[in-house]
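The following block contains the structure, expressed as structure tokens.
The values are calculated or read from the model by the stated rules, or taken from the named source; none is laboratory data. Since the structure is predicted, the reported quantities are computational estimates derived from the model, not experimental observations. Reconstructed Cβ throughout: ideal geometry from the backbone, glycine too, with neighbour counts over all protein chains shown. When the accessible area is computed, the model is the full protein with side chains, heavy atoms only, and any ligands, DNA or RNA have been set aside. Shrake-Rupley method; radii C 1.70, N 1.55, O 1.52, S 1.80 Å.
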Amino acid sequence: MQSESQIPIAAATKRRFAVSLAVFYSAFFAVLGTHMPFFPVWLKAIGIDAAWIGIINALPAITRFTTLPQVTAFAEKRHAIRAGIMVSVLATAIGFSVVGLQQQPLALFLIYALTCMMWTPTMPLTDAYALRGVARYGLDYGPLRLWGSAAFAAGSLACGYLVDVIAPRELIWVIVAWAVVAVLASMLLQPLHDLGRRTPERHAGRALLRDAGFWAVIASAALIQSSHIAFYTFSAINWQLHGISGLTIAVLWTLGVMAEIVVFALSPRFSLHPSTMMAIGGAIAVLRWIITASEPPLVLLAIAQLGHGFSFGMTILGTMNLLVQRVPSHQIARGQGYYAACNGLLGAATSIASGAIYARIGDGVYYVMAAMAAAGAILIWSARHRLMAQPQSEASGG
């Protein structure tokens, strides 16, 4: 039994972990929030043609299912997830700095490819670190993760403002600045003693990949999350064609992020099983894409955007909670790597396919996305009994 003097120390350690992780999530997602919408703008500003922009922008998705799983597995094997995060964001800041000095397409491609190899593992490593802390300290993932969503929105809005203030050729240095902030924030992350140091690592990855329940989780999550790809790529273009102003488009996107933040904030009160949460997320995604495909009035479109809190937010909450239950702590980084790889592979394929589909049937692409989300919801719902009956635990070791 803990003495009274020990309890405040444990509470302080728990608080330091939560605060430092929230700060890092904020800094890292600010990088994402500036990079995603404005890196292509910078590429165009320095004279890179559309074909090369498409090729260069495909690199993050490609590294998610090629080099990323190897990086996360290596960090896990060396019991160095926190160190891996720190090295990853430092390499990212250096890489973007070198990218900013380039103007030739081939040089950009090669340097950006190397940068992405170190950058894309940051998210799964951070989630692995977060999930270990969630299990260790009895925290909830949602309230920690919401700071990332808030920073993503703030970073996008801030960079959007800067587009009208600074030359587009200078936007890369905004991304670099946020990457440097992420490096500083990574230094605040608290050490977590690895629970699996005495656990044999041999064949750990194979055992995880033989787990049908684990595959059901990551495959259904990839289907539901990848159903958002067409929206991310074509929503602004499509809405402009329908006469919606740029300010209104920004408000619609912000509504989705705000709904996501609310869901994360309220998640400690949810009593649903994580598999049910994922199924609900998939079902809401189906409804959202059907509404979006039908060229709805603005009010109905805004309501559909609020569904992002469920289609994305509730899906990721269910996924992370299932990974905590399903994957032993000493394999959580490897599990996150496989999850990111599955997402990356399906996301890249969906991105390529959605472009061709949108060119042919326009808004009809959302019906295809609805079918993907439905497949994900059906898969996780059909696996719910297996996932409820056979949770993993530290004691079992997998």
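Tally time: how many residues in region 220-236 are at pLDDT 80 or above and open to solvent by 30 Å² or more (accessible area, probe 1.4 Å)?
Count: 3.
Which of (1) part of a loop (DSSP other than H, G, I, E, B); (2) closer than 24 Å to residue 120 by Cα is the odd one out, the single condition residue 311 does not satisfy?
Going through the list (1) part of a loop (DSSP other than H, G, I, E, B); (2) closer than 24 Å to residue 120 by Cα, residue 311 breaks only (1).
May I pose another question? Could you list, in sequence order, the residues of region 214-238 that are in contact with a Ser or Thr (Cβ under 7 Å, 6 or more places away or on another chain) and of a type in the set (Val, Ile, Thr)?
217, 224, 229, 233
Next up: What number goes with the only condition from (1) open to solvent by 40 Å² or more (accessible area, probe 1.4 Å); (2) part of a helix (DSSP H, G or I); (3) hydrophobic (A, V, I, L, M, F, W, C) that residue 272 does not pass?
Failed condition: (2).
Additional query: State which residue is farthest from residue 273 (Cα to Cα) when the search covers only region 333-377 and only residues that are β-branched (Val, Ile, Thr) and at pLDDT 85 or above.
Step by step, filter region 333-377, then rank; the result is 361.
Also, I was wondering about something else. Quick check, is residue 352 free of Cβ contacts under 8 Å to residues at least 24 places away in the same chain and within 20 Å of the chain's Cα centre (by Cα)?
yes
For residue 267, state whether it is open to solvent by less than 50 Å² (accessible area, probe 1.4 Å), modelled with pLDDT under 95 and in contact with a Leu (Cβ under 6 Å, 6 or more places away or on another chain).
yes
If you don't mind, there's one more thing I want to ask. When both residues are 6+ apart or on different chains and their Cβ atoms are under 9 Å apart, which pairs have a first residue that lies in region 310-327 and is aromatic (Phe, Trp, Tyr), and a second that is open to solvent by 30 Å² or more (accessible area, probe 1.4 Å)?
Close Cβ pairs satisfying both conditions: 310/280; 310/283; 310/284.
Table: residues versus (1) open to solvent by 40 Å² or more (accessible area, probe 1.4 Å); (2) more than 30 Å from residue 101 (Cα to Cα); (3) at pLDDT 80 or above; (4) within 19 Å of the chain's Cα centre (by Cα).
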| position | (1), (2), (3), (4) |
| --- | --- |
| 182 | no, no, yes, yes |
| 191 | yes, yes, yes, no |
| 198 | yes, yes, no, no |
| 211 | no, yes, yes, no |
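Could you identify the single residue in 259, 236, 265, 250 that is assigned to a helix (DSSP H, G or I), free of Cβ contacts under 8 Å to residues at least 40 places away in the same chain and under 23 Å from residue 154 (Cα atoms)?
236
Would you call residue 315 farther than 15 Å from residue 71 by Cα, crowded, with 24+ Cβ neighbours inside 10 Å, touching a Gly at 6+ places or on another chain (Cβ under 9 Å) and hydroxyl-bearing (Ser, Thr, Tyr)?
Spelling it out, residue 315 is indeed farther than 15 Å from residue 71 by Cα, crowded, with 24+ Cβ neighbours inside 10 Å, touching a Gly at 6+ places or on another chain (Cβ under 9 Å) and hydroxyl-bearing (Ser, Thr, Tyr).
Would you point out the residue of region 324-353, among those that are β-branched (Val, Ile, Thr) and in a helix (DSSP H, G or I), that is nearest to residue 126 (Cα to Cα)?
Once the filter is applied, the top-ranked residue is 332.
Still on this structure: Here are the criteria: (1) modelled with pLDDT under 90; (2) over 21 Å from residue 76 (Cβ atoms); (3) open to solvent by 50 Å² or more (accessible area, probe 1.4 Å). Tell me which single one residue 387 does not satisfy.
(3)
When region 11-27 is examined, which residues are found to be open to solvent by 10 Å² or more (accessible area, probe 1.4 Å) and not small (Gly, Ala, Ser)?
13, 14, 15, 16, 19, 23
Moving on to the next point. Do we have any residue at all in region 123-131 that's closer than 18 Å to residue 31 by Cβ and of a type in the set (D, E, K, R)?
yes
Something else: Within the set of pairs 6 or more residues apart or between chains, which connect a residue that is more than 16 Å from residue 126 (Cβ to Cβ) and at pLDDT 90 or above inside region 11-39 to a residue that is of a type outside the set (Val, Ile, Thr) and open to solvent by 10 Å² or more (accessible area, probe 1.4 Å) with Cβ atoms less than 6 Å apart?
Going by the 6 Å Cβ cut-off, the qualifying pairs are 16/190.
Of all residues in region 276-306, which are of a type outside the set (A, V, I, L, M), open to solvent by less than 10 Å² (accessible area, probe 1.4 Å), within 30 Å of residue 139 (Cβ to Cβ) and modelled with pLDDT of 95 or more?
Matches in region 276-306: 281, 282, 288.
Just to verify a result, which residue in region 125-158, among those that are more than 19 Å from residue 19 (Cα to Cα) and under 16 Å from the mean Cα position of the chain (by Cα), is least open to solvent (accessible area, probe 1.4 Å)?
So the residue we want is 155.
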